[in-house]
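The values are calculated or read from the model by the stated rules, or taken from the named source; none is laboratory data. This one's a predicted model, so the numbers in the text were calculated from it and none came from an experiment. Please note: Cβ atoms are built from the backbone with ideal geometry, for glycine as well, and neighbour counts cover all protein chains shown.
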Amino acid sequence: MTVVVCVYTERRWPQIVRAVDSVLAQDVPAAQVVVVVDHNPALLERVRAAFPALTVTPSAGPRGLSAARNTGLARATGEIVAFLDDDAEAEPDWLARLLPHYQDERVLAVGGHAVPAWEEDRPRWLPPEFDWVVGCSFTGQPTEVAAVRNVIGCNMSFRRSVLERTAGFDPALGRVGRTPVGCEETELCIRVQQLEPDGMVLYEPAARVRHRVTVDRTTWRYFRQRCFSEGRSKAVVARLVGSDAGLATERTYTRRTLPAGVRRGLRQVRAGDRAGLLRSGAIVAGLLVTAAGYVSAQALRASQAVSEPGPRRPTGPAPIRVLAVELTEGVPDVPDTGGPDGTRYGAAQVLVRLHGQPLGLVDVALPAGGLAAPALTAAIRARFAAAIDAHLRHDGLPPLDRLDPGPFGEGGGSGEALVTEAAAPAGARACFSRRPATEGSPFVSVVVPTCGRTPLFESALDSLAALDYPHYEIVVVDNAPQVTGTARIVAGRAADDPRFRYTSEPRPGVAHARNRGLAEARGGIVAFADDDVILDRAWLRHLVDGFTDDEVAGVTGQVLARELDTPSQIWLEQYGGYGKGCQRRRFDRAGSATLEAGGTHRVDLPPSSLHPYLPGSYGSGANMAFRTDALRRLGGFDPRLRSGEDIDVLLRTVLAGHALAYEPGAIVWHTHRRELRALRRTMYLYGVGLGAVLTKCLTSDPTTRRDLLRRLPRGVAYALRPGSAKNDRKQRDYPASLTALELCGLALGPAYYAAAAAARSGRSRT
């Protein structure tokens, strides 16, 4: 037997000494002990001086644990080579437990059990299923001697002859310095068994080592990094040895071990151990972060595979022209010119409206030279003929097929009306979507939080001042009062328009800013708009129309893209954008209803559905309104949420027994971030927000917790499955890295929420 110990830093000197001493104190002594020093000349001399009788050698390969182990293998003389980490101590009978198994010639490798030796107390949130994160054995491994796919890196041994035939560890895998990556022993064990199909890799739990776990490895940050790196490493292993061999054990672990761990944590909560919920959450978070790492590595590999040298081509989808068409005013030609940087638009996204009411979006390709009005008219007819007829019948007007289409039937030019009211009978009703707000309309406070950083701020204020609603005020909440520009802009407008009011909120965060606006609001209804949107003139009127009865506590509106000029803007729309369609809807805890001109269609959803825990379906914080007293009773917006405070308040509204209405006629136009870097941050924060909101639900109420946990497996599938309603709009060019970042944020949302809640609790006690 040869024992190899690889070392790399003098910071671990006391641990190195204990590791080597534990090898020298074995009941069955090793014939040879090799200490490999990884590119550290000073440490090399120190080890040689301390252990002159041992074989001490510098690593002969590139930096990293795999190359160092290969160097130890090259210097080994024993038939069996065992590896011990430099921060582990072997029990005295370690080698005595490993060696007897090699009497069976089919045994290729034997690994043992690694017990965590905590520098401080074990974190209460860390589930034993994830002790592999700190390099130790974990729940789910055999409790008796058994054949396994792979051994654990800090406690393993191999037949030297087998390692020599496989060329040892792959330097593309394994830890380099403090970078928390791994899987080199997994890939090697798979290769070994592929070379010797009749051979076995055994796990001997009685061969134990104590693996030191320092404080820096007990943080959420390290947990996240290690899980993400493990996912990336698994992707490399799957590429090298095939996904069937590379992921077989992980599939079983995911299907059986992790769900059992979640259930155990919840049982512990019922037994009085509140940390059980944290451990269950950590299991879900660890799984999602590991999956995100795997997806990101696969995406990177795919992008490298297609990035062969050749003619430089634009990356991402072609720009899309955005426009709105009011059918009573005419359908225009759509040119393809004027795209960003002189490019042509490849398609158009057209909002189709009738009497101001949106019917929906139609997407059309733009041929060279653009799309003529008759062609766009035909596309609108094909898509919305039934909706147009229903709207006209409700107004007492003839249906579309009885209206004179005008010159379009003869190839006429742009600007001609597809729908006219020339044939309207004398008793036709005024369209509900065009009825003006009356003097008796409720007074509304419109709250606009701002940090003074958006160049669209003044344009947003212009559109607010131009609303066709008679009774409202505009409360601008300055969330960066140290920057004087916002106060100056609002003061200038307030001098000419008393509807403008200025207030400040020095505590950073949109939740604090919105709560300040809520406290300042004088209206019976408080509406919220972001500082980077342009509001349709009828926006506020439609929001107020959504409060049809006392049960409706909140109304959301439609958020549409103002431009789709860059790939990032288009990908955000593929993700789902902010718009929720052009169908009026009403939500409550039991289900939803679609509100149509001819009546209401009610849908009570089964308990197996994800409703009501899909708060993103209710609307967006950039366009929402509430009854002021109802929102105050709900406690306003939760400052503990780094993001997602809007979907949290929408969800709480429904869970509290109120109804929410979605009014697509309340339109705001949003300028999506043009840069990919900004979109990446947005996707990450979306995930963080949803993860934090769901964590809040799990911790706030036992009934809600049970209800939500029943739906958790279905929710995970909804988030991950490509064909789910969440993901089916994503095109082939949608970057997998964006999905990975969203999943990372979702997995880390519980940690962000727990940290914010703890900080807030500490401030409250102070």
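A few comments on the model shown:
- Put simply, of 131, 121 the only residue that is over 19 Å from residue 260 (Cβ atoms) and out of contact with any Asp or Glu (no Cβ under 8 Å at 6 or more places or on another chain) is 121.
- Taken over region 645-673, the criterion of being assigned to a helix (DSSP H, G or I) and of a type in the set (Ser, Thr, Tyr) is satisfied by 653 alone.
- Residue check: residue 90 meets all listed conditions (1) touching a helix residue (DSSP H, G or I) at 6+ places or on another chain (Cβ under 6 Å); (2) surrounded by fewer than 19 Cβ atoms within 10 Å (Cβ to Cβ); (3) farther than 25 Å from residue 229 by Cβ but one, namely (2).
- Qualifying residue in region 724-735 (condition: assigned to a loop (DSSP other than H, G, I, E, B), among the aliphatic types (A, V, I, L, M) and without any contact (Cβ under 8 Å) to a residue 60 or more places away in the chain): yes
- Within region 330-368, tally of residues that are in contact with an Asp or Glu (Cβ under 8 Å, 6 or more places away or on another chain) and either of a type in the set (A, V, I, L, M) or in a loop (DSSP other than H, G, I, E, B) (or both): 15
- Enumeration of residues in region 88-105 that are modelled with pLDDT under 95 and either among the polar types (S, T, N, Q) or within 25 Å of residue 253 (Cβ to Cβ) (or both): 103
- Scanning region 622-644 for residues that are touching a strand residue (DSSP E or B) at 6+ places or on another chain (Cβ under 6 Å) and either over 18 Å from residue 546 (Cβ atoms) or in a loop (DSSP other than H, G, I, E, B) (or both) returns a single hit, 622.
- Selection count where residues are surrounded by 24 or more Cβ atoms within 10 Å (Cβ to Cβ) and in contact with an Asp or Glu (Cβ under 8 Å, 6 or more places away or on another chain), scope region 70-81: 0
- Condition check for residue 495: loosely packed, with under 15 Cβ neighbours inside 10 Å, touching a strand residue (DSSP E or B) at 6+ places or on another chain (Cβ under 7 Å) and at pLDDT 90 or above: no
- Of the listed requirements (1) surrounded by fewer than 21 Cβ atoms within 10 Å (Cβ to Cβ); (2) without any contact (Cβ under 8 Å) to a residue 60 or more places away in the chain; (3) assigned to a helix (DSSP H, G or I), residue 393 misses just one: (2).
- Annotation: of all residues in region 229-245 being modelled with pLDDT of 70 or more and of a type in the set (Val, Ile, Thr), the one that is farthest from residue 192 (Cα to Cα) is 236.
- The residue pairs whose first member lies in region 615-640 and is over 14 Å from residue 528 (Cα atoms), whose second member is among the charged types (D, E, K, R) and assigned to a helix (DSSP H, G or I), and whose beta carbons are closer than 6 Å, counting only pairs six or more residues apart or on different chains, are 634/652; 638/645; 638/648; 640/760.
- When residue 171 is tested against (1) crowded, with 21+ Cβ neighbours inside 10 Å; (2) under 22 Å from residue 294 (Cβ atoms); (3) at pLDDT below 90, exactly one condition is not met: (1).
- Taken together, 115, 151, 162, 145 contain a single residue that is of a type in the set (Val, Ile, Thr) and crowded, with 23+ Cβ neighbours inside 10 Å, which is 151.
- Of residues in region 468-485 being at pLDDT 95 or above and of a type in the set (A, V, I, L, M, F, W, C), the one surrounded by the fewest Cβ atoms within 10 Å (Cβ to Cβ): 474
- Qualifying residue in region 459-478 (condition: closer than 12 Å to residue 531 by Cβ and part of a loop (DSSP other than H, G, I, E, B)): no
- Residue match in region 669-691 (condition: acidic (Asp, Glu) and at pLDDT 85 or above): yes
- Test: residue 656 is loosely packed, with under 15 Cβ neighbours inside 10 Å, under 19 Å from residue 586 (Cα atoms), among the hydrophobic types (A, V, I, L, M, F, W, C) and at pLDDT below 95: yes
- From the list 706, 677, 681, the lone residue that is assigned to a helix (DSSP H, G or I), under 13 Å from the mean Cα position of the chain (by Cα) and without any contact (Cβ under 8 Å) to a residue 24 or more places away in the chain is 681.
- The set of residues in region 507-566 that are under 28 Å from the mean Cα position of the chain (by Cα) and among the basic types (Lys, Arg) comprises 507, 514, 562.
- So residue 84, is it within 23 Å of residue 114 (Cβ to Cβ) and surrounded by fewer than 24 Cβ atoms within 10 Å (Cβ to Cβ): no
- Condition check for residue 447 on (1) closer than 23 Å to residue 670 by Cα; (2) β-branched (Val, Ile, Thr); (3) not in a strand (DSSP E or B): one failure, at (3).
- Among the candidates 66, 137, the residue that is assigned to a loop (DSSP other than H, G, I, E, B) and of a type outside the set (A, V, I, L, M) is uniquely 137.
- Residue 686 vs. criteria surrounded by 24 or more Cβ atoms within 10 Å (Cβ to Cβ) and hydroxyl-bearing (Ser, Thr, Tyr): no
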